[in-house]
1. Output ³J(HN,Hα) for the range 39-55: one whole-Hz value per residue in order, computed from phi by the Karplus curve 6.51 cos²θ - 1.76 cosθ + 1.60 with θ = phi - 60°, and x for Gly and Pro.
2. Determine the alpha carbon to alpha carbon distance for each of 23/347; 197/225; 56/320; 201/233; 23/149 and list only those over 21 Å.
3. Could you give the radius of gyration (one decimal) and Dmax (whole number) of the Cα atoms in the range 237-358, in Å?
4. Would you kindly derive the ³J(HN,Hα) couplings of the range 66-80 from the backbone phi angles with the Karplus curve 6.51 cos²θ - 1.76 cosθ + 1.60 (θ = phi - 60°), listing them in order in whole Hz, with x for Gly and Pro?
5. Under 5 Å between amide H atoms, partner at least 5 residues away or on a different chain: which partners does residue 171 have, H built in plane at 1.01 Å?
6. At a Cα cut-off below 12 Å, give the aspartates and glutamates reachable from residue 159, other chains included and same-chain residues fewer than 8 away excluded.
7. Which GluC sites (Glu not before Pro) does the range 196-267 hold that lie in a coil by DSSP with at most 14 other beta carbons within 10 Å?
8. So what is the 222 nm mean residue ellipticity for the chain from helices alone, if each DSSP H run of at least 4 adds -39500 (n - 2.57) and you divide by all residues, rounding to the nearest 500 deg cm²/dmol?
Amino acid sequence: MPYPENKDFQDLLDDLANALANKQPFAVYRKPNENKVQAVFQENGTLNLALSFNEKGFVFAPFDWQDNAVLIRADKVSTSSFEANIGLVGEVDELSETGKQPFLKLVQKGVTQIKQGELKKVVLSRKIDLEFHQSPLEVFQRLIENYAKAFCYLFHHPKVGIWCGATPETLVYITKGELKTMSLAATLPYLEGTQPKWGSKEIEEQEMVSGYILEQLSEIANGLKMEAVKSSKAGNLWHLKSEIKGKLQSSASLKDVVKALHPTPAVCGIPTKEAQQFIQEQEGYARTFYTGFLGELNLEETTSASLFVNLRCMEIKPGKASIFVGGGITSASDTEKEWTETQNKSKTLLNILQFVSH
């Protein structure tokens, strides 16, 4: 990997604008709670794939990952410092009710399937299409200004498209044989000055995710420890979160870890195979890269990764932006509450789009 080139943030934005104009693949991102923005540029428009996970660059994988994770090869790496200012955008004026009835029916189907005993949990989602004509770079800048605790990114490949987002969920950090991940589930809206009141549905949902992750990692990691569950704020939402740490077995590869974790119950369900099948048959659209994973691969050192789950994200096409939102369905799910949860999640990006468009 080339030595990272330090740049002023405006110079970095200019380089990114040139890469967009010249259809050059790149990924630019800022990790949670950091003030460093990093960009990985690939010199040509070749579509490279991360097959062994020994490659160096930025990986961008779909929900249905089958050795088809896109790799932005690290031909050039640039970094810039950036100080985030929190809370610059206002709340979206009005949330559309478009698509409500189909989503309520979808959730009800999920609850019925769970009560029949075939599933314990399934994550169901929907897509919101909006008119959009602004620069993706401006969206990225507003994301890093407003969501300091999230992994904020902008991805561009002429053969794949443009995606950006501010995800609260780590898939896995691996460095020097140490592994860190998180169990993140359950959602409540953030209300100024009040702590979230979690019900049995949310607590059960988080426990399911935690149990699954520990079981999946038990074959490839030693000394697994899970910290106590905490309420974690992400944008205008609360989630339940537990940090999980362990030591990677010497025989385990990066790819083994990713295979063990993706897709997590936080984006798919339990059991995984049955939940994935239900999603593909019932959701009514292809998720593509929504609920996939993305991040650095072997940039810091060999066998190192900083990977995140692709949540609170959108795809940008000429004249259009598509926002993706979903929620975990269990036997205790209430269809109206699940709709409200997706509405609350949509605000993460709708607030930004409204601000950029005005």
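The values are calculated or read from the model by the stated rules, or taken from the named source; none is laboratory data. Remember, it's a predicted structure, so these values are computed and weren't measured experimentally. Here the Cβ positions follow ideal geometry from the backbone for every residue, glycine too, while neighbour counts run over all protein chains shown. Accessible surface areas use protein heavy atoms only, side chains included; no ligands, DNA or RNA. Shrake-Rupley method; radii C 1.70, N 1.55, O 1.52, S 1.80 Å.
1. 10, 10, 10, 10, 5, 10, x, 4, 8, 9, 10, 8, 9, 9, 6, 9, 6
2. 23/347; 197/225; 56/320; 23/149, as the Cα separations exceed 21 Å there.
3. 17.1, 53
4. Using θ = phi - 60°, the values come out as 9, 6, 10, 6, 6, 10, 8, 5, 7, 6, 9, 10, 10, 10, 8 Hz.
5. Amide H neighbours of residue 171: 307, 308, 309.
6. Within reach: none.
7. Values: sites: 202, 204, 205, 207, 215, 219, 227, 243; in loops: 219, 227.
Qualifying residues, ordered by number: 219, 227.
8. Details: 7 runs with 100 residues, N = 358.
Here the helix-only value at 222 nm equals -9000 deg cm²/dmol.
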